[in-house]
Amino acid sequence: MFKTQNIVDKNYIQEIDCLRAIAVVLVVFFHYEIFNFTGGFLGVDIFFVLSGYLITKILSETKKEKFWLINFYNKRLRRILPALLIVIILSLIFSFYQFTPFHLERFAKSIITSTLGISNFFFWQESGYFDYSKFSKPLLHTWSLSVELQLYLFWGIFFNFFLIKLKKFEVLILSLIITISLFFSIIYSGRSPGFFYFTGFRLYEFAFGSLAFVIRQKYSLKFLGDITFLVFFVIILITSQIVNATYDYNSFLSLIVVIASFFILLSLKNIYFFRFITKNKFLTSLGRISYSLYLIHWPILIFYQYSLGTNLDNSDKLILILISIFLSYFSFQYIEILFRKKINDTFFLENKKFFLVLMISIFSIILVSSNLTNLQNNYKKISKEQLDILDQIKLDKNNRDFMK
C-alpha cells in the first residue's frame with residue numbers, strides 16, 4: 001500500500017478518486033494491450049464525466065469568493081500544466097536521442113501543440129487514434145488534456161453567464177447542451193474519425209457530469225444506491241471488455257459508459273454494501289495519482305518499445321506499469337502538490353512567479369521544438385545522403401510497418 005499526501009478540502013469525496021482509479025486503470029490496460037481491456041479507451045470518457053461533476057462543484061462552492069473565476073483558472077492551470085510540461089520536456093530529451101529525424105520532425109509538432117493545449121486538433125489531422133503510427137507519438141494521449149483545458153475555459157465562462165444567472169433553469173440548460181452536443185457527435189462520428197478529438201463532441205460528457213452534481217444538490221435520490229452502483233459498474237467493465245478498435249467507433253459506445261458514470265455519481269451518497277470498493281484505500285490512492293499516471297504511462301511505453309523495435313510480452317508490460325505507478329507517486333508528491341498546496345493561505349510559488357516560470361517554460365519548449373531536427377542533425381552529424389534517404393522514406397506513403 002502506498003500513501004499520498006492529502007491536500008484536498010473538507011468537501012473531498014473519496015468515492016470520486018475511486019472512480020478516477022477505475023478510469024485510469026482502463027486506459028492503462030488498453031494502451032498496454034493487457035488483460036483484454038480492448039475498450040479501455042472509454043476510461044477517458046469517464047474522466048470527462050468526472051471532470052464535469054467536479055468542476056461544477058468547485059465553481060458552485062467558490063462563486064461568492066472575491067475574484068472567484070480568476071482563482072478558478074489559476075488553480076486549474078496549477079493542476080494541469082506543471083506535471084504536463086515536465087513530461088513534455090522529458091519526452092523531448094528522450095526523443096532527441098532515440099527518434100529518427102523523420103519521427104522527430106513529426107514529434108516536434110506535437111510537442112508545440114501539446115504545450116499550447118491544442119494537441120487534439122493536431123492529432124485530428126494525423127492518422128487515427130487506433131493505428132500503428134501511435135507507436136511513434138509519445139504525446140498522443142495529451143489530446144484529452146487539451147480537451148480538458150478547453151472545456152475548463154468554456155465552462156468557467158458558461159457557468160458565470162448562464163448557470164448562475166439562470167439557476168432555476170440549470171437542469172433544462174444542461175439537458176439542452178447534452179442533447180445538442182450528443183446529436184452532432186452521433187452525426188459526425190460516422191463520417192470522420194476526427195470527431196474523437198473535437199471538444200464540442202465531448203461537451204455532452206462533461207455536461208452529464210455537471211448535471212449529476214446539480215441533480216444531487218436538488219434531490220436525495222435514496223432509491224439509487226448499491227444496486228445502481230453494481231449494475232452500472234458491471235456495465236462499464238463489460239463494455240471495456242467487448243468494445244475494441246475493430247468496431248466502427250461512434251458516440252453510442254461512449255454514451256454507454258457516460259450514462260453508467262452518470263448514474264454511479266448519482267448513487268454515491270447511498271452506497272453502503274459496496275463501500276469496500278468506493279472507499280478502498282488502494283483505489284483512493286491510485287485515484288489521487290491518476291493524473292500523473294495518465295501522463296507518464298504512455299511515454300514510458302512508447303520510448304521503451306521504440307528502443308526495442310518489437311512488441312513487448314506481458315511481463316515487460318507489467319514491469320512498465322509498476323514503474324509508471326512508482327514515478328506517478330513522485331510526480332504527485334513533488335510536482336502536483338508543490339504547485340497546488342498553500343502555506344498560510346499562500347501558494348508555495350506565488351502567482352506572479354508561477355506565471356513567469358510558466359511563460360518561460362512554454363516559450364523555451366516551443367523554441368527548442370521548432371529547431372529540434374536541426375539540433376539533432378548537428379549533434380549526430382547526419383550526412384546529406386542519409387537525409388536524402390530519410391526524405392525519400394518520408395514520401396513513401398505506403399510504408400505501413402510498425403515504425404511507419
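Taken together, the values in this text are just the output of simple stated rules run on the coordinates, not laboratory data. Note that the coordinates shown come from a computational prediction; the quantities given were computed from them, not determined experimentally. Here Cβ is always computed from backbone atoms with ideal geometry, including for glycine, and neighbour counts include all displayed protein chains.
How long are the semi-axes of the ellipsoid equivalent to segment 262-326, from square roots of 5 times the Cα gyration tensor eigenvalues, in whole Å, largest first?
Equivalent ellipsoid of segment 262-326: 33, 12, 11 Å, largest first.
What would the Debye equation give as log₁₀ I(q)/I(0) for segment 220-335 at q = 0.21 Å⁻¹, counting only Cα atoms as equal point scatterers?
Values returned for q = 0.21 Å⁻¹ are -1.17.
Please state the relative contact order of segment 145-215 as a whole percent: Cα pairs under 8 Å, 6+ residues apart? Show your work: numbers first, answer last.
Numbers: 46 pairs, mean separation 27.7, N = 71.
For segment 145-215, the relative contact order is 39 percent.
Considering just Cα atoms, how many Å³ per residue does the convex hull of segment 64-150 enclose? Display every interim value, and only then the final one.
Values: hull volume 7.7 nm³, N = 87.
Once divided by residue count, the hull of segment 64-150 is 89 Å³.
Please tell me which of these pairs span more than 28 angstrom C-alpha to C-alpha: K222/K341; K64/K168; K168/K341; K63/K218; K134/K342; K66/K222?
On the way: K222/K341 36 Å; K64/K168 18 Å; K168/K341 35 Å; K63/K218 18 Å; K134/K342 39 Å; K66/K222 36 Å.
Those over the limit are K222/K341; K168/K341; K134/K342; K66/K222.
Mean Kyte-Doolittle hydropathy of 1.6 or higher plus an axial Cα length of 15 Å or more: which whole DSSP H helices in the chain meet both? Show your work: numbers first, answer last.
Working: long enough: 14-31 (26 Å, 1.49); 43-62 (28 Å, 1.15); 68-98 (45 Å, 1.08); 101-115 (21 Å, 0.03); 143-158 (22 Å, 1.09); 170-189 (28 Å, 2.17); 203-218 (23 Å, 0.65); 226-242 (24 Å, 2.22); 251-267 (24 Å, 2.59); 290-308 (27 Å, 0.77); 314-331 (25 Å, 1.30); 351-370 (28 Å, 1.68); 384-395 (17 Å, -0.41).
Qualifying helices: 170-189, 226-242, 251-267, 351-370.
Based only on Cα atoms, what mean projected area does the convex hull of segment 41-194 have, in nm²? Walk me through the intermediate numbers first.
Working: hull surface 41.4 nm².
Averaged projected hull area, Cα only: 10.4 nm².
Separation between the K342 and F223 pseudo-spin-labels, each 7 Å from Cα along Cα→Cβ, expressed in nm?
4.1
Can you give the percent of C-alpha pairs in segment 136-215 whose distance is more than 16 Å?
Details: 1754 of 3160 pairs.
For segment 136-215, the fraction of Cα-Cα distances above 16 Å is 56 percent.
Put +1 on the Cβ of each Lys and Arg and -1 on the Cβ of each Asp and Glu in the chain; which of L77, G39, F107 then has its Cα farthest toward the positive end of the dipole?
Comparing the listed Cα positions along the dipole, L77 ranks first.
Determine the equivalent ellipsoid of the chain by diagonalising the alpha-carbon gyration tensor, then write out the semi-axes as square roots of 5 times the eigenvalues, largest first, rounded to whole Å.
36, 25, 21
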